[in-house]
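Trainee: Okay, here's the structure, questions in a sec.
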Amino acid sequence: MKVALTEVKEKDKSVLRNLLELYNYDFSEYDKQDVNEHGLYGYTYFDHYWTLDSRQAFFVRIEGKLAGFVMVNEHCYVVKEPGTKSIGEFFVMKKYRRKGVGKRAAKMIFAKFPGKWEVIQHWDNKPSQLFWQNVINQYTRGNFKKVKAKTEHWEGQALLFDNSDKLGKNQL
């Protein structure tokens, strides 16, 4: 199964917006969000992915077909060092889960952006915690740190690592 990341171009914003609705529907189990009066969840920082250099969005494709997305930004809860990357959102459609697609996409995105990383997971989202711990442990060969992350509106765990030396590139 060939996994590829393709940059979300501005002309494809509506496709990403649709996929974000599926993602937010899945995630509402953990963050307890409701849809608005239009039946949508929305995404506050959506347009920033085309106006700020510190944010990038990618489609995950399997054999050319849409399978999900990865949104990368520099908004971190724990690491306050400029340039540190964070997985803003990560989504693989259910039919592609548990087939190595997410693991491959995650490793590809880490390799694309060498440097310091913070990957957070909601405290109640145990499947996400297990997924990210497994992927990052394998990618970094155990060279990461797990810490509790908390803000006024959010609590969870953060996995921190530095792949500046392109550690894990051969793990792709």
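No value in this document is a laboratory result; all are computed from the given coordinates. Given the structure is predicted, the values throughout are model-derived calculations rather than measurements. No Cβ is skipped: glycine too gets one built from the backbone with ideal geometry, and neighbour counts run over all protein chains shown.
Trainee: Considering segment 99-136 alone, what residues qualify as being touching a helix residue (DSSP H, G or I) at 6+ places or on another chain (Cβ under 7 Å), farther than 18 Å from HIS75 by Cβ and among the β-branched types (Val, Ile, Thr)?
Mentor: VAL135 - this is the single residue of segment 99-136 that is touching a helix residue (DSSP H, G or I) at 6+ places or on another chain (Cβ under 7 Å), farther than 18 Å from HIS75 by Cβ and among the β-branched types (Val, Ile, Thr).
Trainee: Would you pick out the residues in segment 15-53 that are without any contact (Cβ under 8 Å) to a residue 60 or more places away in the chain, closer than 21 Å to VAL72 by Cα and among the acidic types (Asp, Glu)?
Mentor: GLU21, ASP47, ASP53
Trainee: Within segment 83-104, which residues are closer than 20 Å to GLY64 by Cβ, surrounded by fewer than 17 Cβ atoms within 10 Å (Cβ to Cβ) and among the small types (Gly, Ala, Ser)?
Mentor: GLY100
Trainee: Evaluate the following for MET71: is it within 12 Å of the chain's Cα centre (by Cα) and surrounded by fewer than 18 Cβ atoms within 10 Å (Cβ to Cβ)?
Mentor: Answer is no for this residue.
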